Amino acid sequence: MKSIRKSPEQQAEELAVKLADKPYGQSAEKTVEIEKESEQIVRTSFALPKSVLLQLEDQALANKRKGVEPKTVSQILRDALAMAGYK
């Protein structure tokens, strides 16, 4: 029985399909699972009064020094939004 050899183009195409969207060190199935479990964090910007920003930064720094959460301005804002019902 003869084995059918694939052309280099066919082999390259199969490899490309297999590796498409596969991050380093993770299987594609694992990546999909992780994305379903948690929402992706995205960067945004908005304006705040300077006094509010200074208060947030002071709180974040104090929390870092105490070793308690939240330790970043972003996390303080995410927590406040979650308490207001945004999830």
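The values are calculated or read from the model by the stated rules, or taken from the named source; none is laboratory data. Because the structure is predicted, anything quoted here is derived from the model rather than measured. Neighbour counts run over all protein chains shown; Cβ positions are idealised from the backbone, glycine included. Accessible surface areas use protein heavy atoms only, side chains included; no ligands, DNA or RNA. Shrake-Rupley method; radii C 1.70, N 1.55, O 1.52, S 1.80 Å.
Just a few scattered comments:
- Inter-label distance for LEU54 and GLU39, nm, one decimal - labels placed 7 Å from Cα along Cα-to-Cβ: 3.2
- Rounded accessible area of ILE41 (nearest 10 Å², 1.4 Å probe): 120
- Ordering of 66-74, 9-17 by packing is 66-74, 9-17, highest average first (other Cβ atoms within 10 Å, averaged per residue).
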